[in-house]
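For reference, the structure discussed in these notes is given below.
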Amino acid sequence: MNSFCPNLFNHVMNDSYGVYKACCLHVPEIKDGKVTGITVDQPLESFWNSKELAEDRVKSIKGEYIKGCDVCYRAEKDGGASQRTDLVEVYKEDKDFIERVKSARENKGILNHSPISVEYRVGNLCNLKCRMCSPQDSDLINNEYKEITSTLTDNSLINLFPTLKDPVNIDMDQYCNHIKDNVEDIEVIRFSGGEPLINKSFYELIDFFIESGHSFNLDLRINTNLTKLNLDLLTKFSKFKDVNIDFSIDGIEETYEYVRYPMRWKVINKKIDMLESFIKNNKTNIKVYANYTVQTYNLLHMLDAIDFFLERNFIPVLHPVTHPQYLNIKNIPDALKENVVSKIYKKIDFLKLKYADKPSSNINWVVSKLTSIISLIKLDSEKRSINDFIQFTDILDKKRNQDFLKLDPFIYNHFKSQSIL
């Protein structure tokens with residue numbers, strides 16, 4: 001198999017449970033109900049050249065299976081693309097990276113340099129309850145699922161709303177200190193969550209980088225829902241070498257409000273206008289990526305959203321949901337697949353024609369992602385997911401006073417007709 005992944009040679013981050021890992025998608029081992037690994041109160045070096053990570057680097061170079069990396073393996077099997085394959089494309093001609101891999105190969109996976117990319121995940125503190133997210137992503141979801149399951153008696157329904165017994169948000173002061181101690185070697189700093197912009201440690205680190213003079217040598221990457229973005233922050237971001245704002249937006253207008261509950265579209269649209277205006281009117285190094293998690297709820301609405309992003313020079317990043325399975329687009333009813341695939345093919349043809357006179361890597365990127373989405377949809381579906389989708393949707397709709405049937409009767413009715421409930 002092909003398991004080579006650049007993150008093992010470049011990147012380190014914290015899990016929400018307070019342990020180190022090399023990738024946001026890596027699934028840590030759980031023993032006795034607790035996540036295992038080297039805790040972030042230990043020096044960064046204790047993880048970076050640990051026995052486990054060195055062994056994973058060797059396996060990666062040899063193309064062997066790496067435990068915990070099944071999210072990418074499964075995505076590649078389903079649709080042909082993953083975060084791993086995207087990163088391989090980015091670093092395939094990077095001379096410094098090639099030297100790092102060579103060094104690891106010659107030293108049994110040990111690297112004589114610190115990680116160049118560090119991510120700070122602020123935990124599951126969040127101000128939204130997005131449909132595809134889990135309690136690990138949002139404390140509000142965890143609280144809501146607890147309320148829902150307290151009213152259920154059927155275990156098959158309770159299992160659709162898993163909850164966390166222990167709090168995710170832990171004291172990350174030591175990890176922040178480790179980041180500061182290694183700032184001379186860091187080239188890229190990324191913030192993710194939860195929602196970073198409602199966490200005070202995010203602001204403390206941003207100010208530290210600026211006041212210490214290191215921001216001008218750092219690439220800044222931020223995953224955010226935009227709800228707390230303001231002009232003061234954008235001004236601070238401009239003091240970094242290079243900035244990517246990866247904002248999560250899983251639809252526009254009614255679709256946005258349905259998926260990214262309880263935020264209102266008029267609020268987020270004003271934030272988008274502010275961001276677009278700031279970039280237009282200032283000499284800035286900010287690039288904007290619109291992260292769209294492709295799922296059953298927004299599958300057809302994706303086509304209009306792509307136009308919305310491209311018109312604003314935002315780069316659409318289409319991420320198919322892999323879990324939960326009932327939101328995975330490969331599991332839509334077979335009777336629906338041909339219709340959806342046809343619409344996506346028409347969108348690809350439209351984009352190629354519209355941008356024929358001004359081709360760009362962004363358009364090629366979108367077309368390649370849409371092609372991968374078609375491949376994913378064509379895979380065999382899991383029939384149980386149809387029932388799970390209807391049950392999850394109906395229960396959550398009732399709790400939130402929402403109505404997917406009203407938002408997208410075409411897809412809902414196809415699911416309902418195939419359900420055995």
Subset of the range 5-23 [under 24 Å from LYS108 (Cα atoms) and part of a loop (DSSP other than H, G, I, E, B)]: CYS5, PRO6, ALA22, CYS23
Take the residues of the range 344-368 that are charged (D, E, K, R) and loosely packed, with under 13 Cβ neighbours inside 10 Å: which is modelled with the lowest pLDDT? LYS358
Any chance the range 92-103 includes a residue that's of a type in the set (Gly, Ala, Ser) and touching a residue at least 60 places away in the same chain (Cβ under 8 Å)? no
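Has the range 26-45 got any residue that is part of a loop (DSSP other than H, G, I, E, B) and of a type in the set (Ser, Thr, Tyr)? Show your work before the answer.
Narrowing the range 26-45 to residues part of a loop (DSSP other than H, G, I, E, B): 26-29, 32-33, 36-38, 40-43.
Within this subset, residues satisfying the condition of being of a type in the set (Ser, Thr, Tyr) are 36.
Yes, that holds for at least one residue.
Look through VAL40, VAL58 and report the one residue that is among the aliphatic types (A, V, I, L, M) and either closer than 23 Å to HIS323 by Cβ or touching a residue at least 60 places away in the same chain (Cβ under 8 Å) (or both).
Values: VAL58 fails: either closer than 23 Å to HIS323 by Cβ or touching a residue at least 60 places away in the same chain (Cβ under 8 Å) (or both).
Checking each option against the conditions leaves just VAL40.
Any idea which residue in the range 81-99 is modelled with the highest pLDDT, counting only those that are in a loop (DSSP other than H, G, I, E, B) and surrounded by 14 or more Cβ atoms within 10 Å (Cβ to Cβ)? Walk me through how you get there before you give the answer.
Here is the first cut: in the range 81-99, the residues in a loop (DSSP other than H, G, I, E, B) are 81-82, 92-94.
Cutting the leftovers down to surrounded by 14 or more Cβ atoms within 10 Å (Cβ to Cβ) gives us 81-82.
Details: ALA81: 78, SER82: 86.
It comes out as SER82.
Do we find that ASN127 is surrounded by fewer than 20 Cβ atoms within 10 Å (Cβ to Cβ) and either at pLDDT 95 or above or under 30 Å from LYS62 (Cα atoms) (or both) in this structure?
On the way: surrounded by fewer than 20 Cβ atoms within 10 Å (Cβ to Cβ): yes; either at pLDDT 95 or above or under 30 Å from LYS62 (Cα atoms) (or both): yes.
Criteria met by ASN127.
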Give me the pairs, please: first residue somewhere in the range 384-412 and without any contact (Cβ under 8 Å) to a residue 24 or more places away in the chain, second residue anywhere and surrounded by fewer than 18 Cβ atoms within 10 Å (Cβ to Cβ) and assigned to a helix (DSSP H, G or I), beta-carbon distance under 6 Å, and either six or more positions apart or on two chains. ASP403/ASP397; TYR412/LEU405
List pairs: first in the range 67-87 and touching a residue at least 12 places away in the same chain (Cβ under 8 Å) and over 17 Å from ASP56 (Cα atoms), second β-branched (Val, Ile, Thr) and buried (at least 19 other Cβ atoms within 10 Å of the Cβ), Cβ under 7 Å, 6+ apart or cross-chain? ARG74/THR322; ALA75/THR322; GLY79/ILE373
Looking only at the range 130-160, which residues are closer than 27 Å to ILE189 by Cα and either surrounded by fewer than 16 Cβ atoms within 10 Å (Cβ to Cβ) or of a type outside the set (Ser, Thr, Tyr) (or both)? CYS130, MET132, CYS133, PRO135, GLN136, ASP137, ASP139, LEU140
Checking ILE30 against (1) under 21 Å from LEU111 (Cβ atoms); (2) of a type in the set (A, V, I, L, M); (3) surrounded by fewer than 18 Cβ atoms within 10 Å (Cβ to Cβ): exactly one of these is not met. Which one? (1)
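Against the condition of a type in the set (D, E, K, R), in a helix (DSSP H, G or I) and either more than 30 Å from PRO6 (Cα to Cα) or assigned by TED's automatic domain parsing to the domain that holds THR393 (or both), how does GLU184 come out, does it pass? Working first, answer last.
Numbers: of a type in the set (D, E, K, R): yes; in a helix (DSSP H, G or I): no; either more than 30 Å from PRO6 (Cα to Cα) or assigned by TED's automatic domain parsing to the domain that holds THR393 (or both): yes.
It is false that GLU184 is of a type in the set (D, E, K, R), in a helix (DSSP H, G or I) and either more than 30 Å from PRO6 (Cα to Cα) or assigned by TED's automatic domain parsing to the domain that holds THR393 (or both).
Please determine, by comparing only the residues of the range 221-232 that are surrounded by 17 or more Cβ atoms within 10 Å (Cβ to Cβ) and either out of contact with any helix residue (DSSP H, G or I) (no Cβ under 6 Å at 6 or more places or on another chain) or not assigned by TED's automatic domain parsing to the domain that holds THR284 (or both), which one is farthest from TYR297 (Cα to Cα). Reasoning before the result, please.
Taking the range 221-232 as the starting set, the residues that turn out to be surrounded by 17 or more Cβ atoms within 10 Å (Cβ to Cβ) are 221-227, 229.
Among the residues that remain, those that are also either out of contact with any helix residue (DSSP H, G or I) (no Cβ under 6 Å at 6 or more places or on another chain) or not assigned by TED's automatic domain parsing to the domain that holds THR284 (or both) are: 221-223, 225, 227.
Details: ARG221: 28, ILE222: 25, ASN223: 22, ASN225: 18, THR227: 21 Å.
Looking at residues that are surrounded by 17 or more Cβ atoms within 10 Å (Cβ to Cβ) and either out of contact with any helix residue (DSSP H, G or I) (no Cβ under 6 Å at 6 or more places or on another chain) or not assigned by TED's automatic domain parsing to the domain that holds THR284 (or both), I get ARG221.
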Of the residues ASN169, ASN223, which is among the polar types (S, T, N, Q), at pLDDT below 95 and either on the phi > 0 side of the Ramachandran plot or touching a Ser or Thr at 6+ places or on another chain (Cβ under 9 Å) (or both)? ASN169
Being among the basic types (Lys, Arg), surrounded by fewer than 19 Cβ atoms within 10 Å (Cβ to Cβ) and either in contact with a strand residue (DSSP E or B) (Cβ under 8 Å, 6 or more places away or on another chain) or outside any helix (DSSP H, G or I) (or both) is the filter here, so list the residues in the range 369-421 that pass it. LYS378, LYS383
Restrict the check to the range 34-52 and report whether at least one residue is among the β-branched types (Val, Ile, Thr), in contact with a Gly (Cβ under 6 Å, 6 or more places away or on another chain) and surrounded by 15 or more Cβ atoms within 10 Å (Cβ to Cβ). yes
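From the list SER134, SER60, which residue is farther than 30 Å from SER201 by Cα, at pLDDT 90 or above and either in contact with a Pro (Cβ under 6 Å, 6 or more places away or on another chain) or not basic (Lys, Arg) (or both)? First the steps, then the outcome.
Numbers: SER134 fails: farther than 30 Å from SER201 by Cα.
Selected residue: SER60, the only one of SER134, SER60 that is farther than 30 Å from SER201 by Cα, at pLDDT 90 or above and either in contact with a Pro (Cβ under 6 Å, 6 or more places away or on another chain) or not basic (Lys, Arg) (or both).
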Single condition ASN281 does not satisfy, out of (1) within 17 Å of the chain's Cα centre (by Cα); (2) farther than 21 Å from ASN362 by Cβ; (3) free of Cβ contacts under 8 Å to residues at least 60 places away in the same chain: (1)
Go through the residues of the range 9-20 one by one and say whether even a single one is closer than 16 Å to ARG84 by Cα and touching a His at 6+ places or on another chain (Cβ under 7 Å). no
In the range 364-421, how many residues are over 26 Å from the mean Cα position of the chain (by Cα), farther than 22 Å from SER342 by Cβ and among the aromatic types (Phe, Trp, Tyr)? 0
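The values are calculated or read from the model by the stated rules, or taken from the named source; none is laboratory data. Computed from a predicted model, the values in this text were never measured in an experiment. Virtual Cβ from ideal backbone geometry, glycine too; neighbours counted across all protein chains shown.
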